[in-house]
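Presented below is the structure to which this report refers.
The values are calculated or read from the model by the stated rules, or taken from the named source; none is laboratory data. Just so we're clear, the structure is a prediction, and the values are computed from it rather than from any experiment. Neighbour counts run over all protein chains shown; Cβ positions are idealised from the backbone, glycine included.
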Amino acid sequence: MQIEALGLGRRYGRQWIFRELSHVFRPGTATAVLGPNGAGKSTLLSILAGQLLPTSGEVRYTLGGRALPVADVPRQLAYCAPYLELPEDFTLLELLAFHTRLKPLRPGLTAAGLVELMYLTKARHQPIREFSSGMKQRLKLGLALYAATPLLLLDEPTTNLDATGTAWYLEHVARVRTADRLVIVSSNVPAEYAFCEAQVRITDYQRGA
Ligand SMILES: Nc1ncnc2c1ncn2[C@@H]1O[C@H](COP(=O)(O)OP(=O)(O)OP(=O)(O)O)[C@@H](O)[C@H]1O
């Protein structure tokens, strides 16, 4: 998947969050979207995900050499973000059965295999509401990382993770990269985006905004 951002701007009321943001997110690369709290990282990710309209500019998607309409982006997307909720009444295995019908896992990986990769085997019959915040984050990450999608968006991926959890994230984000999968990480924590080859600094698009 390739995404071209062309002169993107987003305004809330009279306030421009960023303006004239242009960048080509190339297939196979990992790009860090950087900026302090409130800079507009999540806003940019929502626009790239096709979930929020820009106030100005446009986003073009290409998959397998063909233009992809924005309406088809959700199917190609795995998204992990602090504001995306998990269905708390499901047990882990129920959630996986439901989720993987919509977002199949990478070929060869079963739900039971993913549970093991996430170190959540003991919790497989437990409702999600009983999970700790770190367990929930590992689950959200596991679902996104191991979905068979050419676009992976990770908003502040180490939220609620301890040092072991962060090491787990770094190991697995490296494992799931492929030649055409596009990875975009929004962050202001160097440890979670050090592997990214490219960077977009939102503050570069705020002068005069
Ligand atoms: N629905 C909304 N209505 C009005 N303002 C909004 C809305 N969503 C976001 N904003 C504002 O847009 C700005 C950017 O928010 P955003 O969440 O994109 O920043 P961020 O860089 O992801 O922040 P953080 O690092 O704190 O998560 C903030 O000033 C926020 O208050």
*Any residue in the range 196-207 that's under 11 Å from L34 (Cα atoms) and among the acidic types (D, E): show its pairings with residues that are in a strand (DSSP E or B) and within 14 Å of the ligand (Cβ to nearest atom) at Cβ separation under 9 Å, as long as the two are six or more apart or on different chains.*
D204/F18; D204/L21
*Kindly establish whether A78 is of a type in the set (G, A, S), buried (at least 19 other Cβ atoms within 10 Å of the Cβ) and in contact with a strand residue (DSSP E or B) (Cβ under 8 Å, 6 or more places away or on another chain).*
yes
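Can you name the residue in the range 162-198 that is within 16 Å of the ligand (Cβ to nearest atom) and within 15 Å of the chain's Cα centre (by Cα) and is also farthest from P150 (Cα to Cα) among such residues?
N188
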*In the range 44-57, which residue that is outside any strand (DSSP E or B) and among the hydroxyl-bearing types (S, T, Y) is nearest to the ligand (Cβ to nearest atom)?*
S46
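Just to check your reading of the model, which residue among A32, A78, A5, A71 is out of contact with any Asp or Glu (no Cβ under 7 Å at 6 or more places or on another chain) and more than 19 Å from C196 (Cα to Cα)?
The conditions single out A71.
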*Which of the residues spanning the range 178-193 are under 19 Å from A81 (Cα atoms) and touching a residue at least 12 places away in the same chain (Cβ under 8 Å)?*
R181, L182, V183, I184, V185, S186, S187, N188, V189, A191, E192, Y193
*Starting from the range 29-56, keep only residues that are closer than 22 Å to P69 by Cβ, then list their pairs with residues that are charged (D, E, K, R) and away from the ligand (no atom under 12 Å from the Cβ) whose Cβ atoms are within a distance under 9 Å, requiring at least 6 positions of separation or different chains.*
G50/D72; T55/R19; S56/R19; S56/E20
_Breaking point among (1) within 16 Å of the ligand (Cβ to nearest atom); (2) buried (at least 16 other Cβ atoms within 10 Å of the Cβ); (3) under 24 Å from D180 (Cβ atoms), for M1_ = (1)
_Within the range 4-27, considering residues that are away from the ligand (no atom under 15 Å from the Cβ) and not in a strand (DSSP E or B), the one farthest from G64 (Cα to Cα)_ = R26
*asked:* Being in a strand (DSSP E or B) and touching a strand residue (DSSP E or B) at 6+ places or on another chain (Cβ under 9 Å) is the filter here; which residues of the range 58-75 pass it?
replied: E58, V59, R60, Y61, T62, L63, A67, L68
*asked:* Suppose we filter the range 28-43 for residues that are in contact with a strand residue (DSSP E or B) (Cβ under 6 Å, 6 or more places away or on another chain) and either within 12 Å of the ligand (Cβ to nearest atom) or at pLDDT below 95 (or both); how many remain?
replied: 6
*If you check T159 against the conditions, is it within 16 Å of the ligand (Cβ to nearest atom) and outside any helix (DSSP H, G or I)?*
yes
